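The values are calculated or read from the model by the stated rules, or taken from the named source; none is laboratory data. Small disclaimer: the values here were computed from a predicted structure and weren't measured. Cβ: placed from backbone, ideal geometry, glycine included. Neighbour counts: every protein chain shown. The protein model used for the area step is the full one, side chains on, heavy atoms only, and it has no ligands, DNA or RNA in it. Shrake-Rupley method; radii C 1.70, N 1.55, O 1.52, S 1.80 Å.
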Amino acid sequence: MTLRIAHLSDIHFGDENRAAVAAATARLQADGVDLTVVSGDLTRFGEVTEFEQAAAWLKGLPGPKLVTPGNHDAPYLAWLERIAAPFRRYERHIGPAPAQVWRGRGLAARGVNTARGAQPRLNWSKGQIAPRQALEAVQWFGAVDEVRIVVAHHPLIEMLGGPMTARVWGGEAAARRFSEHAVDLVLSGHVHAPFARPYPYGDERTYAVGAGTLSVRERGVPPGFNVIEVEDAVFRVTALAWTGSRLEPWRTWALDRRPRS
């Protein structure tokens, strides 16, 4: 049986591409998926009105959903709140920020918050993942025979030739740990360009998969989102792109799964 996952990211309500968002929503409502993942940056500046738009949009998506925050989901202009309670607005309108979980239909997914309201470097938009976060994630998966999915806003290792960097503190160590504990997919956003690549650790069957954006903040790639099909021996990733009139496949990847016991 083939399982289908929709992977969306970086909608940036306030700067959303309205036509692309409408097309993606209609596509998911018509086709249906087993799980919808949204890997952060639902808003532009973390404003209340933007969160209200994001919450209404999420309610219109069918089926189970797992949503994790991104760096834009901490208030951009209210800097005192960004330091003291960066994800209070997110949690009021969207859901829990530190970690999110979903399990069912042969899938086990855990969201890990790699965004920070403040950190000891000038560019606070870059990511962090603490050893504790990675450890808690692999402990949650346990030893069950399910497809193991980690969701984070920032790519833990850099996208080759990407339009921007994530520079995640602790990212390489977390990627290695996820590889050693047989995580299958690590889904992310942030760079506004889709990609898929294996982590260079262990059996190299843990894959980093990034989704593009559904905003007007394009970085050399049309707005769009990913559909991931889970088959017995392979993950098939299709990056759909909005052409201005319809969604079309932009790029596809076939990722070999590790042998199942």
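One table, with the values for the structure above:
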quantity	calculated
Candidates VAL183, VAL237, filtered to the one that is touching a Ser or Thr at 6+ places or on another chain (Cβ under 6 Å) and over 16 Å from ALA20 (Cα atoms)	VAL183
Odd one out for ASP145, checked against (1) in contact with a Pro (Cβ under 9 Å, 6 or more places away or on another chain); (2) open to solvent by 30 Å² or more (accessible area, probe 1.4 Å)	(1)
Conditions (1) open to solvent by 40 Å² or more (accessible area, probe 1.4 Å); (2) at pLDDT 95 or above: number failed by GLN100	(1)
Residue match in segment 113-120 (condition: in contact with a Phe, Trp or Tyr (Cβ under 7 Å, 6 or more places away or on another chain), farther than 27 Å from ILE228 by Cβ, at pLDDT 95 or above and open to solvent by 30 Å² or more (accessible area, probe 1.4 Å))	yes
Matching option when the condition is in contact with a Lys or Arg (Cβ under 8 Å, 6 or more places away or on another chain), surrounded by fewer than 18 Cβ atoms within 10 Å (Cβ to Cβ) and of a type outside the set (D, E, K, R), among LEU160, LEU185	LEU160
Qualifying positions in segment 66-92 - in contact with a helix residue (DSSP H, G or I) (Cβ under 8 Å, 6 or more places away or on another chain) and crowded, with 19+ Cβ neighbours inside 10 Å	VAL67, PRO69, ASP73, ALA74, PRO75, PHE87, ARG89, TYR90
Selection count, segment 49-65, where residues are under 30 Å from ARG105 (Cβ atoms) and surrounded by 15 or more Cβ atoms within 10 Å (Cβ to Cβ)	9
Conditions (1) on the phi < 0 side of the Ramachandran plot; (2) in contact with a strand residue (DSSP E or B) (Cβ under 7 Å, 6 or more places away or on another chain): number failed by GLY63	(1)
Every pair of residues 6+ apart whose Cβ atoms lie under 6 Å, when the first sits in segment 16-39 and is modelled with pLDDT under 95 while the second is surrounded by fewer than 18 Cβ atoms within 10 Å (Cβ to Cβ)	GLY32/PRO62
